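First up is the structure itself, then whatever we jot down about it.
The values are calculated or read from the model by the stated rules, or taken from the named source; none is laboratory data. Small disclaimer: the values here were computed from a predicted structure and weren't measured. Here the Cβ positions follow ideal geometry from the backbone for every residue, glycine too, while neighbour counts run over all protein chains shown.
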Amino acid sequence: MDVGLIVIFIFVVLFLIIIARYLVIVRPFERGVVERLGRYVRTINPGLNLLIPFVENMKKVDMRESLIDVPPQEVITKDNALVTVDAVFYFEVTDPFRVLYNVSHFEIAAIKLAQTNLRNIIGELELDQTLTSREMINTRLREVLDIATDKWGVKVTRVEIKKIDPPLDISEAMSRQMKAERTKRALVIEAEGIRQSDILKGEGYKQAAILEAEGKRQASILESEGKAKAIEAIAQAERTRLILESEGQAEATRQVFQAIHTGQPTKDLIAIRYVEALKAIADGKSSKVFIPYESSAMIGSIAQIAEVFKSQQENGDIPAPPEK
């Protein structure tokens, strides 16, 4: 084989290797930090980039949001209770230059920073506050980490406390306390239910009694109104009867008087009728009889009538009555 061809082949292979080594592709979520002879020169954006062979070198930095899991650690609270705390926080790189040149082993540094600050925050709280103030702990720890990592070109976006485990004896005591509290709450709710039930029953009885009394009152009123209307109807009927009877008697009297005036009775006939009327009065059961004052004149007329009959009998005009 010709030596020249071999040399050309070798140069071509070396060229391709160099091109592959220094023709770099930066993905959209990455940034490239370029150093030239050990000195920072520029930051490469996503796309195809060519570096100067053997002179420039590039380090890629992931710009996506990432998380770091803080290992569990034992922390003493303000009231000397030992708890185990585990946390996780999320971060994103804001400056590729500072995250490479301002801190060494960023993840390790961030974990240690989170552990120490978490220990400080938990140490200022009592056990009950620690168990019930997770949101406050998350906020305070995020603020501390964000301030500390700002010079590293990193922003802490979120911090979450995964768990806070108190000692076993405290956990058992808390469990008993929770059970007692739930039992107490159940008894209170049951007693409240019984009380409400009694109140509702009493209200029901009260309403029933009120309705019953109201019904009786309405029935009594209706009965009284019915009786009053019946009495009124009876009185109206009696009044109507009396009116009709009075009208009938008046009509009868009018007819009698009409007949009398039509017949033109004599004084003698009137005197005889008057005597018959007095006889009817005298036949009553009463021990006393009141004779009208004007009857004396009528009695005088009767005596005159008797004298007339006597004189006629003597003259033979009227036959004497037969002897018995």
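Sub-7 Å Cβ pairs linking a first residue in segment 12-41 that is at positive phi to a second residue that is of a type in the set (A, V, I, L, M, F, W, C) and not in a helix (DSSP H, G or I), at least 6 apart or interchain, are L37/V55, ordered by first then second residue.
The number of residues in segment 152-167 being of a type in the set (K, R) and more than 23 Å from V103 (Cβ to Cβ) comes to 2.
Residue-by-condition table, conditions (1) assigned to a helix (DSSP H, G or I); (2) at pLDDT below 85; (3) loosely packed, with under 10 Cβ neighbours inside 10 Å; (4) touching a His at 6+ places or on another chain (Cβ under 8 Å):
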site	(1), (2), (3), (4)
I147	yes, no, no, no
V159	no, no, no, no
D169	yes, yes, yes, no
R182	yes, no, no, no
R185	yes, no, no, no
K201	yes, no, no, no
Q218	yes, no, no, no
E232	yes, yes, no, no
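Can you spot a residue in segment 111-128 that is under 30 Å from D169 (Cβ atoms), among the polar types (S, T, N, Q) and assigned to a strand (DSSP E or B)? No; the residues of segment 111-128 include none that is under 30 Å from D169 (Cβ atoms), among the polar types (S, T, N, Q) and assigned to a strand (DSSP E or B).
Restricting segment 77-88 to residues that are exposed (fewer than 14 other Cβ atoms within 10 Å of the Cβ) and polar (S, T, N, Q), which is modelled with the lowest pLDDT? Residue satisfying both the conditions and the ranking: N80.
If only residues of segment 25-41 that are of a type in the set (D, E, K, R) and surrounded by 12 or more Cβ atoms within 10 Å (Cβ to Cβ) are counted, the one that is farthest from R158 (Cα to Cα) is R36.
Within segment 155-176, residues that are more than 25 Å from M63 (Cα to Cα) have Cβ atoms under 7 Å from residues that are surrounded by fewer than 14 Cβ atoms within 10 Å (Cβ to Cβ) and not hydroxyl-bearing (S, T, Y) in these pairs: P167/L82, counting only partners at least 6 apart in sequence or on another chain.
This table checks each residue for (1) of a type outside the set (K, R); (2) in contact with a Leu (Cβ under 9 Å, 6 or more places away or on another chain); (3) under 30 Å from E35 (Cβ atoms); (4) touching a residue at least 40 places away in the same chain (Cβ under 8 Å).
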{"position": "F97", "(1), (2), (3), (4)": "yes, no, yes, yes"}
{"position": "L100", "(1), (2), (3), (4)": "yes, no, yes, yes"}
{"position": "L113", "(1), (2), (3), (4)": "yes, yes, yes, no"}
{"position": "G123", "(1), (2), (3), (4)": "yes, no, no, yes"}
{"position": "T132", "(1), (2), (3), (4)": "yes, no, no, no"}
{"position": "M136", "(1), (2), (3), (4)": "yes, yes, no, no"}
{"position": "R142", "(1), (2), (3), (4)": "no, no, no, yes"}
{"position": "L145", "(1), (2), (3), (4)": "yes, yes, yes, yes"}
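Checked against (1) at pLDDT below 85; (2) surrounded by 10 or more Cβ atoms within 10 Å (Cβ to Cβ), L211 passes all but a single condition, namely (1). Selection within segment 89-107: residues that are under 60 Å from the mean Cα position of the chain (by Cα) and surrounded by fewer than 18 Cβ atoms within 10 Å (Cβ to Cβ). The member of this set that is modelled with the lowest pLDDT is E107.
Of everything listed in (1) more than 27 Å from I122 (Cα to Cα); (2) within 49 Å of the chain's Cα centre (by Cα), the single unmet condition for D62 is (2).
For segment 42-65, the count of residues that are basic (K, R), exposed (fewer than 14 other Cβ atoms within 10 Å of the Cβ) and at pLDDT 90 or above is at least one.
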